[in-house]
Amino acid sequence: MLMESPDIKIFAGSSGASFAKKMCKYLGAELGSSEVIHFSDGNVFIRIKETVRDKDIYVVLPIGLDPNNELVELLFWMDSFKRASANSITAIIPYFGYAKGDKKDEPRVSIRARVCADCLEVAGADRVITMDLHSPQVQGFFRVPVDHLLSLPILCEYIKTMDLMEDLVVVSPDAGFAKTARKYADYLGAPVAIGDKTRSSHDENAQILELIGDVEGKNCLIVDDFSISGGTLVDIANLLKKRGARHITACLAHVMLREKGVKMIEESPIEYLIATDSVENPFIVGHDKFLTVSVAPLFAEAVYRVHERESVSTLFSSVPKRIKDDLHACQISLFEKK
């Protein structure tokens, strides 16, 4: 727990309740009283059950596994607080799924991230706190402040507690993620290998053509921002195995896999998949290969600093000591029994 912060008012949308409770635990705050009703015709109803007049409000709801319904629900949350005379409304969006739609790169398509940004602002959002946007330039689609947190420091600190640091190689599945993979490698003091990936259409299938870098006899850490189908992770893992990799672990900021993707990971050479809890994913529950690292304390720290009018810039590159101490509380042995 950071400190008693009873004046911070955090509310949770349908798929953000677990994340919001973790934030409240860190802050020593109580979760705001509200209810969400989903009617049989698909409509959603939001009710705030306590006064929020002149309060600074933070509402938690990822746009994740059910993006269209979650986006609409979040808009209704914004409108509810605005009409209840809240002083300010901050949207906490741990995963902003529509960030993938960041450009008009072919005729007659929508720039979906811009549409979402406009809708959130019109509905009443005064600020947005999110993490690991697929396209960081999406911050520029908003006219309100956006705090773009990064999971990399927390994930790296977690990885440092594991027994895969020896002979570690960080692997980017494609050239597009190579810059971020280099940041992982610098943080962990490891070299980088890069996959050459091609995608011929808008489906979720891509092909790994080649691998640049030496991985023979190495512990390989595949890093990416998210995975929907698991196909790219499995393809690069198969190639790493053919090239003589010893242990293969994957690391994601957001895990968006469903049943088919989970099954692919389970049957692949990937021994463990590490991801954050930015999306509450029921499909990975009970699967031993999936390890979850909570970034709720990181968001809670950001909320505290925003609320107290303090700088959040240090959160973009380092982990606060109190969070790091929790991550390092125990050493994790993954491979000693393999």
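The values are calculated or read from the model by the stated rules, or taken from the named source; none is laboratory data. A quick note: this is a predicted structure, and the numbers were derived from the prediction, not measured. No Cβ is skipped: glycine too gets one built from the backbone with ideal geometry, and neighbour counts run over all protein chains shown.
So the values come out like this:
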| quantity | calculated |
| --- | --- |
| Hey, LEU273 crowded, with 21+ Cβ neighbours inside 10 Å, within 14 Å of LEU334 (Cβ to Cβ) and in contact (Cβ under 8 Å) with a residue 40 or more places away in the chain or not | yes |
| Residues (over 16 Å from VAL60 (Cβ atoms), in contact (Cβ under 8 Å) with a residue 40 or more places away in the chain and either of a type in the set (Asp, Glu) or buried (at least 18 other Cβ atoms within 10 Å of the Cβ) (or both)) located in the stretch 306-331 | LEU315, VAL319, ILE323, LEU327 |
| Residue tally, condition under 18 Å from the mean Cα position of the chain (by Cα) and not in a helix (DSSP H, G or I), over the stretch 223-248 | 8 |
| Cβ-Cβ under 6 Å pairs, at least 6 apart or on other chains, the stretch 281-305 side touching a residue at least 60 places away in the same chain (Cβ under 8 Å), far side hydroxyl-bearing (Ser, Thr, Tyr) | VAL293/TYR158; VAL293/THR276; VAL295/SER151; VAL295/THR276; PRO297/TYR26; ALA300/TYR26; VAL303/TYR58 |
| Residue count for the stretch 32-49, restricted to those that are closer than 17 Å to ALA17 by Cα and not basic (Lys, Arg) | 11 |
| Which numbered condition VAL109 misses (of (1) crowded, with 20+ Cβ neighbours inside 10 Å; (2) modelled with pLDDT under 95) | (1) |
| Number of the condition not met by CYS119 [criteria: (1) in contact with a helix residue (DSSP H, G or I) (Cβ under 9 Å, 6 or more places away or on another chain); (2) surrounded by 18 or more Cβ atoms within 10 Å (Cβ to Cβ)] | (2) |
| Tally of residues being within 28 Å of CYS24 (Cα to Cα), of a type in the set (Val, Ile, Thr) and out of contact with any Asp or Glu (no Cβ under 6 Å at 6 or more places or on another chain) across the stretch 77-126 | 4 |
| Selection count, the stretch 158-171, where residues are crowded, with 20+ Cβ neighbours inside 10 Å and either farther than 18 Å from ILE270 by Cβ or touching an Asp or Glu at 6+ places or on another chain (Cβ under 8 Å) (or both) | 1 |
| Complete set of residues in the stretch 259-272 that are among the aliphatic types (A, V, I, L, M) and out of contact with any helix residue (DSSP H, G or I) (no Cβ under 6 Å at 6 or more places or on another chain) | ILE265 |
| Test: VAL115 is under 25 Å from PHE81 (Cα atoms) and β-branched (Val, Ile, Thr) | yes |
| Members of the stretch 104-139 that are closer than 25 Å to TYR184 by Cβ and either assigned to a helix (DSSP H, G or I) or more than 19 Å from the chain's Cα centre (by Cα) (or both) | ALA113, PRO136, GLN137, VAL138, GLN139 |
| Per-region count, the stretch 1-46, residues in a loop (DSSP other than H, G, I, E, B), of a type outside the set (A, V, I, L, M) and within 22 Å of LEU120 (Cβ to Cβ) | 4 |
| Answer residue from the stretch 47-103, given it is of a type in the set (D, E, K, R), outside any loop (DSSP other than H, G, I, E, B) and at pLDDT 95 or above and is farthest from GLY140 (Cα to Cα) among those | ARG47 |
| Test result for ASP196, modelled with pLDDT of 90 or more, charged (D, E, K, R) and either surrounded by fewer than 22 Cβ atoms within 10 Å (Cβ to Cβ) or not in a helix (DSSP H, G or I) (or both) | no |
| Some residue of the stretch 141-155 being among the basic types (Lys, Arg) and without any contact (Cβ under 8 Å) to a residue 60 or more places away in the chain | yes |
| Pairs with Cβ under 7 Å, 6+ apart, first in the stretch 75-103 and closer than 12 Å to CYS119 by Cβ, second part of a helix (DSSP H, G or I) and among the basic types (Lys, Arg) | TYR98/ARG112 |
| Yes/no for HIS148 being at pLDDT 95 or above and in contact with a helix residue (DSSP H, G or I) (Cβ under 8 Å, 6 or more places away or on another chain) | yes |
